[in-house]
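Participant: Here's a structure for you.
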2 protein chains.
Amino acid sequence: MNAPDFDAAFRDGFERLLRWRRDVRRFRPDPVDPALLERLLGLAALAPSVGNCQPWRFVSVAGEAPRAAVRASFLAANAAALAAYEGERARLYAGLKLAGLDEAPVHLAVFADEATGRGHGLGRQTMPEMLRYSVVTAVHTLWLAARAEGLGVGWVSILDPDAVHAALDVPEAWRLVAYLCVGHPVEAHDDPELQRAGWQPREASPVTLLHR
Amino acid sequence: MNAPDFDAAFRDGFERLLRWRRDVRRFRPDPVDPALLERLLGLAALAPSVGNCQPWRFVSVAGEAPRAAVRASFLAANAAALAAYEGERARLYAGLKLAGLDEAPVHLAVFADEATGRGHGLGRQTMPEMLRYSVVTAVHTLWLAARAEGLGVGWVSILDPDAVHAALDVPEAWRLVAYLCVGHPVEAHDDPELQRAGWQPREASPVTLLHR
């Protein structure tokens, strides 16, 4: 087969996509076109997966009760996290906006199906975490594809994964990998919100490379 | 700030990139330009990370002894995996080419620094796996960026991560997330090698979406 041609203009665009992909926590309430969301999920399913096992499972969370349960889990985990900081760091943490759960029109919970028979276990014997890593690449694919469509994604990890699992009534063998807020961002940036807020700057030399 | 414009031509190119990114196990021996590799690592460092902690650590493995140790770990893990299959499945497994370790000019081991102070623990209290997931997004970024430059990447997970860690003499707190072969691919495909080899086809409906 002939390999496709990726030219310099595409590569420039791809670098711009990487630079402007952000963890978004500030959303406009405008709905997301369901056809667009379906397209993004289709692209996410092109992600690599160990043994070609395609272990990603998506749950769109729109109901009042499950959203309230997720919000409660976030508030509890966030309060516990705040309590672990002291002084100036606690003051900084308290001022951060760490999730767009209340505003984002779309919530997507993304699970790894730990019981899948697909892939016949290939590549998972010594590194079973590869199943969940495969789901992470699908999440990242969706994130980049969303940004290319003008949408923002925020990954909320300040949650009790077991509480989210229970609230969404999914199969026992599914494990929460990511809880995503998706919607139209209020603003665009090419630097992380945590850098602008003074929490953690980017490193001047962000690559550590050893030679062996 | 003004958001950048991603047009339909770019989005088409991005979808093509996703479709032609493959797990590559067949490499030409031609060297990879070190400047290009450096550029790819710089792009990988634009990946998202929990708390902006940038936990990825890269090791270029070129020495004879560490490469021999990695190869030995692969052979042992692969033999153990083969022994666990029976009949036709074992015959299929034995015929698969699962790594390009012998041919790939560049080997990259990618670790998560579990002891990093960057990010001040934000987002990792209830989901500590977020640190390693952040490294996975950097690996995936590098993979896509490499493909856009005509390079192939293969992720080898049939390895004992502790054996690789020991062979590379890296800090105790680093945890192996991925071992990558990088180089010029012998051939290009838009379908997975494991599908062509009859191991595991892609699903006709690769997206499972529940509503809650």
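Participant: Please verify whether residue A:190 is surrounded by fewer than 19 Cβ atoms within 10 Å (Cβ to Cβ) and under 22 Å from residue B:123 (Cβ atoms), treating the condition exactly as stated. Break it down stepwise before answering.
Facilitator: Working: surrounded by fewer than 19 Cβ atoms within 10 Å (Cβ to Cβ): yes; under 22 Å from residue B:123 (Cβ atoms): yes.
When the stated conditions are applied, residue A:190 passes them.
Participant: Tell me, which residue of segment A:193-206 that is crowded, with 17+ Cβ neighbours inside 10 Å and touching a Gly at 6+ places or on another chain (Cβ under 8 Å) is nearest to residue A:88 (Cα to Cα)?
Facilitator: Applying the first criterion (crowded, with 17+ Cβ neighbours inside 10 Å) to segment A:193-206 yields A:193-194, A:199-200.
The next check asks that each one be touching a Gly at 6+ places or on another chain (Cβ under 8 Å); those that pass are A:194, A:199-200.
Details: A:194: 15, A:199: 11, A:200: 13 Å.
Out of the qualifying residues, it is A:199.
Participant: Is at least one residue of segment B:119-134 at pLDDT 95 or above, over 22 Å from the mean Cα position of the chain (by Cα), charged (D, E, K, R) and not in a strand (DSSP E or B)?
Facilitator: yes
Participant: Can you tell me which residue is surrounded by the fewest Cβ atoms within 10 Å (Cβ to Cβ) among those in segment A:117-134 that are more than 7 Å from every other protein chain (Cβ to nearest Cβ) and among the small types (Gly, Ala, Ser)?
Facilitator: Across segment A:117-134, the extreme among qualifying residues is A:117.
Participant: Right, another one. Based on what the data block shows, is residue A:137 under 18 Å from the mean Cα position of the chain (by Cα) and within 9 Å of chain B (Cβ to nearest Cβ)? Full working, then the answer.
Facilitator: Working: under 18 Å from the mean Cα position of the chain (by Cα): yes; within 9 Å of chain B (Cβ to nearest Cβ): yes.
Spelling it out, residue A:137 is indeed under 18 Å from the mean Cα position of the chain (by Cα) and within 9 Å of chain B (Cβ to nearest Cβ).
Participant: Now for a different question. When you scan segment A:140-166, how many residues do you find that are within 10 Å of chain B (Cβ to nearest Cβ), crowded, with 22+ Cβ neighbours inside 10 Å and assigned to a loop (DSSP other than H, G, I, E, B)?
Facilitator: So the count comes out to 3.
Participant: A follow-up question, please. Anything in segment B:60-95 that is without any contact (Cβ under 8 Å) to a residue 24 or more places away in the chain, within 21 Å of residue B:179 (Cβ to Cβ) and of a type in the set (D, E, K, R)? List them, or say none.
Facilitator: B:64
Participant: Just one of (1) in contact with a Gly (Cβ under 7 Å, 6 or more places away or on another chain); (2) more than 8 Å from every other protein chain (Cβ to nearest Cβ) trips up residue B:36, so point out which.
Facilitator: Every condition holds for residue B:36 apart from (1).
Participant: Please go through segment B:189-212 and give me each residue that is of a type outside the set (D, E, K, R) and touching a Lys or Arg at 6+ places or on another chain (Cβ under 8 Å), ordered by number. Give the steps one after another, and end with the answer.
Facilitator: Pass one, segment B:189-212, residues of a type outside the set (D, E, K, R): B:189, B:192, B:194-195, B:197-201, B:204-211.
Selection gives B:189, B:192, B:195, B:200, B:208, B:210.
Participant: Take segment B:3-29 and flag every residue that is part of a loop (DSSP other than H, G, I, E, B), more than 25 Å from residue B:181 (Cβ to Cβ) and either in contact with a strand residue (DSSP E or B) (Cβ under 8 Å, 6 or more places away or on another chain) or facing chain A (nearest Cβ under 7 Å) (or both).
Facilitator: As a first pass, look at segment B:3-29 and keep what is part of a loop (DSSP other than H, G, I, E, B): B:3-7, B:21-22, B:24-26, B:28-29.
Narrowing the set further to residues that are more than 25 Å from residue B:181 (Cβ to Cβ) leaves B:3-7.
Those that are part of a loop (DSSP other than H, G, I, E, B), more than 25 Å from residue B:181 (Cβ to Cβ) and either in contact with a strand residue (DSSP E or B) (Cβ under 8 Å, 6 or more places away or on another chain) or facing chain A (nearest Cβ under 7 Å) (or both): B:3, B:4, B:6.
Participant: Name the residues in segment A:76-98 that are assigned to a loop (DSSP other than H, G, I, E, B) and within 10 Å of chain B (Cβ to nearest Cβ), would you?
Facilitator: Matches in segment A:76-98: A:84, A:85, A:96, A:98.
Participant: Which residues, counting only those in segment B:99-118, are more than 21 Å from the chain's Cα centre (by Cα) and assigned to a loop (DSSP other than H, G, I, E, B)? Talk me through it step by step, then tell me what you get.
Facilitator: Filtering segment B:99-118 down to residues more than 21 Å from the chain's Cα centre (by Cα) leaves B:115-118.
B:115, B:116, B:117 - these are the residues of segment B:99-118 that are more than 21 Å from the chain's Cα centre (by Cα) and assigned to a loop (DSSP other than H, G, I, E, B).
Participant: Are any residues in segment B:39-52 more than 7 Å from chain A (Cβ to nearest Cβ), more than 15 Å from the chain's Cα centre (by Cα) and surrounded by 22 or more Cβ atoms within 10 Å (Cβ to Cβ), and if so, which ones?
Facilitator: Step one: list which residues in segment B:39-52 are more than 7 Å from chain A (Cβ to nearest Cβ), which gives B:39-40, B:44, B:47, B:49.
With the extra rule that they be more than 15 Å from the chain's Cα centre (by Cα), the set shrinks to B:39, B:49.
If the condition is that a residue be more than 7 Å from chain A (Cβ to nearest Cβ), more than 15 Å from the chain's Cα centre (by Cα) and surrounded by 22 or more Cβ atoms within 10 Å (Cβ to Cβ), then B:49 is the only one that fits.
Participant: Then there is this: Take segment A:31-59 and flag every residue that is small (Gly, Ala, Ser) and without any contact (Cβ under 8 Å) to a residue 40 or more places away in the chain.
Facilitator: Initial filter on segment A:31-59 (small (Gly, Ala, Ser)): A:35, A:42, A:44-45, A:47, A:49, A:51.
Answer for segment A:31-59, where residues must be small (Gly, Ala, Ser) and without any contact (Cβ under 8 Å) to a residue 40 or more places away in the chain: A:35, A:42.
Participant: Further, regarding this structure: All but one of (1) assigned to a helix (DSSP H, G or I); (2) under 30 Å from residue A:62 (Cβ atoms) hold for residue B:206; state the number of the condition that does not hold.
Facilitator: (1)
Participant: Here's a follow-up. Among (1) of a type in the set (Lys, Arg); (2) over 20 Å from residue A:158 (Cβ atoms); (3) at pLDDT below 95, there is one condition residue A:97 misses while meeting the rest; what is its number?
Facilitator: If we test residue A:97 against (1) of a type in the set (Lys, Arg); (2) over 20 Å from residue A:158 (Cβ atoms); (3) at pLDDT below 95, just (2) comes out false.
Participant: Quick one: which residue in B:73, B:60 is closer than 16 Å to residue B:154 by Cβ, within 9 Å of chain A (Cβ to nearest Cβ) and in contact with a Lys or Arg (Cβ under 9 Å, 6 or more places away or on another chain)?
Facilitator: On the way: B:73 fails: in contact with a Lys or Arg (Cβ under 9 Å, 6 or more places away or on another chain).
From the options B:73, B:60, the qualifying one is B:60.
Participant: Oh, and also: For segment B:53-66, name all the residues that are charged (D, E, K, R) and surrounded by 17 or more Cβ atoms within 10 Å (Cβ to Cβ). Spell out the reasoning first.
Facilitator: Kept after step one, since they are charged (D, E, K, R), are these residues of segment B:53-66: B:57, B:64.
Matches in segment B:53-66: B:57 only.
Participant: Take the residues in segment A:39-53 that are out of contact with any Gly (no Cβ under 8 Å at 6 or more places or on another chain) and part of a helix (DSSP H, G or I); name whichever of them is farthest from residue A:133 (Cα to Cα).
Facilitator: So in segment A:39-53, the residues out of contact with any Gly (no Cβ under 8 Å at 6 or more places or on another chain) come out as A:39-48.
Filter once more, so that each one left must be part of a helix (DSSP H, G or I): A:39-44.
On the way: A:39: 22, A:40: 19, A:41: 17, A:42: 18, A:43: 17, A:44: 13 Å.
Filtering segment A:39-53 for residues that are out of contact with any Gly (no Cβ under 8 Å at 6 or more places or on another chain) and part of a helix (DSSP H, G or I), the one farthest from residue A:133 (Cα to Cα) comes out as A:39.
Participant: Could you list, in sequence order, the residues of segment A:167-212 that are more than 7 Å from chain B (Cβ to nearest Cβ), of a type in the set (Gly, Ala, Ser) and within 20 Å of the chain's Cα centre (by Cα)?
Facilitator: Selection gives A:167, A:178, A:183.
The values are calculated or read from the model by the stated rules, or taken from the named source; none is laboratory data. It should be emphasised that the depicted structure is a prediction, and the values quoted were computed from it without experimental measurement. Quick reminder, even Gly has a Cβ in these numbers, built from the backbone with ideal geometry, and neighbours come from all protein chains shown.
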